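The values are calculated or read from the model by the stated rules, or taken from the named source; none is laboratory data. From a predicted model like this one, the values you see are computed outputs, not experimental measurements. Because the Cβ atoms are built from the backbone with ideal geometry, glycine has one as well, and the counts that use them run over all protein chains shown. Just the protein is used for accessible areas: all its heavy atoms, side chains included, with ligands, DNA and RNA removed. Shrake-Rupley method; radii C 1.70, N 1.55, O 1.52, S 1.80 Å.
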Amino acid sequence: MSAARGSLLGIEHLEAAEILKILKFARRMNPDKPRPLLKGKRVVLLFYEASTRTRSSFELAAKVLGAHTVLIQAAGSSIEKGESLLDTGYTLRAVGADVIVIRHPSAGAPHVMARHIDIPVINAGDGLHEHPSQALLDAYTILRSKKSFKGLQVAIIGDIFHSRVARSACHLLSKVGVKVILCGPPELVPEIASTLAPGVRVTRHVEDALRGTDVVMLLRVQKERLAGQKINLPDYIARYQMTAARLKTAKRDAIVMHPGPIIRGLELTSEVADGVQARILEEVRNGVPTRMAILARAVGKMR
Ligand code: NCD
């Protein structure tokens, strides 16, 4: 069985026209104005991993559209008792789920679910693979500041190797013609990352990444994911941390983004996190209209 229509499993296989359609529809969504596009539908949020932003904004988006939501977290559910992914899926289908939003530590878990269950499945992050709704809300955020993608350059700095956000962002930005520069030490940004998508390049020098850049996207340097890797945090901070002084190398009207959670004093200073160029909280806010569009698309109401 192939994935049900309306599923969103990744950006890699989504066409540019479809991406632009979702972004356009998201601009028409107003989180303060309920619209019954999902009236009476049941949206299940199945989270096998921790989440604050993604989970709450999917839940709010579903509610504004009139859906009922059910949250299932690994702790406290039958997942803890060893129930398999697919048996959990069949169970949710049996209780009447219309859409499943899933976050899972294994790459491909949403795809397995989508192949076996005849309702739309939305990937809310699968292992190191993709995080399509984050890429869409980031693109939405860029468009709110930059009007169009034409001629833009985005620098992504941080732990790209362990980042599903970076992978989805590279696919999306490349499809809409944006130049992407990935920056960090080889342990976090392997040379092969430049083959992720056309128009992506790798640099080790933060000044090189920032020069001429319109958007600075920072990623969490995730201590728990670096176990066993020889990454020296004081050295990372000295070479890559986004400071107000470094940010001056980027274009004057450059914006600073971060999918969160941010670690002040590591990827960026508080001065940058709270500065006028930061769009970090706006990104969180933009998660709601973007996910409203994704959910409306899931049930065939993105028209
Ligand atoms: C990210 C994730 O979970 O992939 N956060 C998010 O969804 N906004 C990034 C991260 O955890 O570093």
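Couple of notes before you dig in:
- For the chain, modelled as a GNM whose springs connect Cα atoms under 10 angstrom apart, the maximal fluctuation among V99, V70, V221 occurs at V70.
- Note on surface exposure: M1, M302 rank M1, M302 by accessible area, highest first, 1.4 Å probe.
- Of the residues A244, A135, A26, the one that moves most in a GNM of the chain with alpha-carbon contacts below 10 Å is A244.
- Each DSSP beta bridge with both residues in region 1-152 is either parallel or antiparallel, and the antiparallel ones are about 5%.
- Relative contact order (%) - region 133-283, alpha-carbon pairs under 8 angstrom, separation at least six: 24
- Taking D32, D214 and ordering them by how much accessible surface each has at a 1.4 Å probe, largest first, produces D32, D214.
- Accessible surface ranking for H258, H68, 1.4 angstrom probe, highest first: H68, H258.
- Entry for region 145-187 at q = 0.32 Å⁻¹: log10 I(q)/I(0) = -1.17, Debye formula applied to identical alpha-carbon scatterers, no solvent contribution.
- With the gyration tensor restricted to C-alpha atoms of the chain, the semi-axes of the equivalent ellipsoid amount to 32, 22, 17 Å, longest first.
- Fraction of accessible area attributable to carbon and sulfur, the chain (%, probe 1.4 Å): 53
- Expressed per residue, the C-alpha convex hull volume of region 60-161 stands at 152 Å³.
- At full extension, E191 and K230 could sit 12.3 nm farther apart than now, given 0.36 nm per residue minus the alpha carbon distance.
- Per-residue ³J(HN,Hα) for region 200-214, Karplus 6.51 cos²θ - 1.76 cosθ + 1.60, θ = phi - 60°, Hz, x for Gly and Pro: 9, 9, 10, 9, 9, 10, 5, 5, 4, 5, 7, 4, x, 8, 8
- With DNA, RNA and ligands ignored, accessible area of F25 (1.4 Å probe; Å², nearest 10): 10
- Within region 106-152, trypsin sites (Lys or Arg not before Pro) in DSSP loop having at most 15 other beta-carbon neighbours inside 10 Å: K147, K150
- Charge tally around T249: other residues with Cβ under 13 Å, Lys/Arg +1 each, Asp/Glu -1 each, net +2.
- Using distinct alpha-carbon pairs, which all enter the 1/r mean, Kirkwood radius of region 180-237 in Å: 12.5
- Taking all Cα pairs closer than 8 Å and separated by 6 or more residues, the relative contact order of the chain comes to 22 percent.
- Taking all protein chains into account, the per residue accessible area for the chain stands at 44 Å² (1.4 Å probe).
- Per-residue ellipticity at 222 nm computed for the chain from its helices equals -10500 deg cm²/dmol, with DSSP H segments shorter than 4 residues left out and the rest contributing -39,500 (n - 2.57).
- For the options G40, G177, G108, a Gaussian network treatment of the chain with springs between C-alpha atoms closer than 10 Å singles out G40 as fluctuating the most.
- Relative to one another, the C-alpha centroids of region 91-105 and region 259-303 are positioned 24 Å apart.
- Straight-line reach from K223: taking Cα to Cα under 30 Å and skipping same-chain neighbours fewer than 8 places apart, the lysines in range are K81, K179, K248.
- Scanning residues 5 or more positions from M217 or on other chains, those with amide H under 5 Å from its amide H are A155, I156, I157, M257, with H placed 1.01 Å from N in the peptide plane.
- Beta bridge orientation in the chain: antiparallel %, DSSP, nearest 5: 5
- Evaluated at q = 0.14, 0.16, 0.17 Å⁻¹, a Debye calculation over the C-alpha positions of region 133-283 (equal weights, vacuum) places log10 I(q)/I(0) at -0.58, -0.78, -0.90.
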